[in-house]
Amino acid sequence: MSGGDVLVSARGLEVHFPIGGGFRRKPAGVLRAVDGVDLDIVRGETLGLVGESGCGKSTLGNALLRLVPTTGGTLTFDGTDLTGLQGRRLKELRRRAGMVFQDPFASLDPRRTVAQTVSEPLEVHGLRTGRDKATRVAELLELVGLDPGVAGRYPHEFSGGQRQRVGIARALAGEPDFLVCDEAIASLDVSVQAQVLNLLRRLQRQLGLTLLFISHDLSAVRHISDRIAVMYLGRVVEIGPAEAVGTDPQMPYTQALLSAVPLPHPKLERERKRIVLTGDVPSPAAVPSGCRFRTRCPYVFEPCDDVDPALQPVGAPGQQAACHLHGVVGTPATTPEGVTATP
Ligand SMILES: Nc1ncnc2c1ncn2[C@@H]1O[C@H](COP(=O)(O)OP(=O)(O)OP(=O)(O)O)[C@@H](O)[C@H]1O
Ligand SMILES: [Mg+2]
């Protein structure tokens, strides 16, 4: 943790989905999409969130915005407990915390003009009316680098990058403090990705936004983030300053993820050692005991079977990793009867 003012805070956060149930049948098990996440997002920072497909990034992002119900743990936004938030206070959270979606084709209504789309949050939150509303829409379009003259046009008249700008303008309409960008550049052409990434960076600085930037593109995450969090099977397993996590990762899983990213310099690229993980990612419906990464970890040793490692300070200031290689700290695994296994 960098010690700044925390805007979003999760402790032991869980989103478990029932599986295998049906009409009048009890669920056969649970899918642990988010499974004990501890995370503090500092006001004004861009936090990158990376990890393999299915590790729970989107579910965590949605949970932080109260778009999926949590099944355990605590969650606060600007000091307010979000669990059980309803009515007017939930609506206020919706204004202050928003989402930029992956697919600007799917997330914009083809029958609504740009002005209608961008002004929707203004209407929902009763922020501007009449001519004020049109002025605000023009301001928002300019802010995201679009000509205010396009306000009367429809989504199909725009390129993917322009559509994503419209999506960003809508997300900014209510003057939020916090934005979750879930794979916000993934569906764009490579040449356009950098432009939208730079736009997000500029907006973050200009408006003092706090961003959670979810992506499987590690190069993009390293480019835009102040800090990076790495997720594996529903848990944050490493977090720290982008530079430290990107160049000196302390968790074997992060090391493997990074070793797969090509390096820009030809000499460095020739020397790059690829760590190939063996085995498949376990199902989030059958999370291994002890360290959840142990079934694929090249350094697995005795305590990994039994003790679930906690995040602990290691490496650079502010860097934390959940790995027994740095000392055995964590919760002993329990047997199904609730008896503590050998510590
Ligand atoms: N509504 C749901 N009901 C049941 N299971 C779900 C639901 N939403 C997500 N999951 C499961 O939760 C796990 C985490 O999914 P999630 O979409 O959060 O992963 P992700 O890291 O965002 O993946 P990707 O990189 O592919 O977007 C997956 O196993 C997924 O199938
Ligand atoms: Mg996702």
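The values are calculated or read from the model by the stated rules, or taken from the named source; none is laboratory data. A quick note: this is a predicted structure, and the numbers were derived from the prediction, not measured. Glycine gets a Cβ as well: all are built from the backbone with ideal geometry, and neighbour counts include every protein chain shown. Note: areas computed on protein heavy atoms with side chains; ligands, DNA, RNA excluded. Shrake-Rupley method; radii C 1.70, N 1.55, O 1.52, S 1.80 Å.
A count restricted to the stretch 48-82 and to residues that are in contact with a Lys or Arg (Cβ under 8 Å, 6 or more places away or on another chain), within 15 Å of ligand 1 (Cβ to nearest atom) and under 16 Å from residue 6 (Cβ atoms) stands at 0.
Of everything listed in (1) modelled with pLDDT of 95 or more; (2) on the phi > 0 side of the Ramachandran plot; (3) of a type in the set (Lys, Arg), the single unmet condition for residue 24 is (1).
Taking residue 237, is it within 19 Å of the chain's Cα centre (by Cα) and among the β-branched types (Val, Ile, Thr)? When the stated conditions are applied, residue 237 passes them. If the condition is being within 19 Å of residue 289 (Cβ to Cβ) and either open to solvent by less than 40 Å² (accessible area, probe 1.4 Å) or modelled with pLDDT of 95 or more (or both), then the stretch 326-343 contributes 330, 333, 341. Going through (1) surrounded by fewer than 19 Cβ atoms within 10 Å (Cβ to Cβ); (2) modelled with pLDDT under 90; (3) under 26 Å from residue 183 (Cβ atoms) one by one, residue 78 falls short only on (2). Residue-level check: of (1) closer than 21 Å to residue 183 by Cα; (2) more than 16 Å from ligand 1 (Cβ to nearest atom); (3) modelled with pLDDT under 95, residue 8 misses just (3). The selection criterion, being in contact with a strand residue (DSSP E or B) (Cβ under 6 Å, 6 or more places away or on another chain), within 16 Å of ligand 1 (Cβ to nearest atom) and modelled with pLDDT of 95 or more, holds for residue 36. Considering every residue within the stretch 66-73, establish whether at least one is open to solvent by 70 Å² or more (accessible area, probe 1.4 Å), modelled with pLDDT of 90 or more and in contact with a His (Cβ under 6 Å, 6 or more places away or on another chain). Yes. The set of residues from the stretch 134-159 being of a type outside the set (Gly, Ala, Ser), open to solvent by less than 50 Å² (accessible area, probe 1.4 Å) and more than 25 Å from the chain's Cα centre (by Cα) comprises 136, 137, 141, 146, 148, 150, 155, 158.
Here 92, 52, 45 are screened, and the one residue that is out of contact with any Phe, Trp or Tyr (no Cβ under 7 Å at 6 or more places or on another chain), closer than 28 Å to residue 187 by Cα and at pLDDT below 95 is 52. Within the stretch 203-220, residues that are within 16 Å of residue 42 (Cα to Cα) reach partners that are modelled with pLDDT of 95 or more and open to solvent by 60 Å² or more (accessible area, probe 1.4 Å) with beta carbons closer than 6 Å, at six or more positions or on different chains, in the pairs 210/43. In the stretch 28-45 there is no residue that is more than 20 Å from residue 319 (Cβ to Cβ), open to solvent by less than 10 Å² (accessible area, probe 1.4 Å) and without any contact (Cβ under 8 Å) to a residue 40 or more places away in the chain.
Checked across the stretch 300-312, the condition of being within 25 Å of the chain's Cα centre (by Cα), in a loop (DSSP other than H, G, I, E, B) and not acidic (Asp, Glu) holds for at least one residue. In this structure, residue 64 does satisfy being of a type outside the set (D, E, K, R), in contact with a Phe, Trp or Tyr (Cβ under 9 Å, 6 or more places away or on another chain), in contact (Cβ under 8 Å) with a residue 24 or more places away in the chain and within 16 Å of ligand 2 (Cβ to nearest atom).
Considering the stretch 53-98 alone, what residues qualify as being among the hydroxyl-bearing types (Ser, Thr, Tyr) and in contact with a helix residue (DSSP H, G or I) (Cβ under 8 Å, 6 or more places away or on another chain)? Answer for the stretch 53-98, where residues must be among the hydroxyl-bearing types (Ser, Thr, Tyr) and in contact with a helix residue (DSSP H, G or I) (Cβ under 8 Å, 6 or more places away or on another chain): 70, 80. Scanning the stretch 102-119 for residues that are touching a helix residue (DSSP H, G or I) at 6+ places or on another chain (Cβ under 8 Å), among the hydrophobic types (A, V, I, L, M, F, W, C) and surrounded by fewer than 19 Cβ atoms within 10 Å (Cβ to Cβ) yields one hit, 105. Inside the stretch 255-299, residues that are part of a loop (DSSP other than H, G, I, E, B) and closer than 29 Å to residue 332 by Cβ make up a count of 24.
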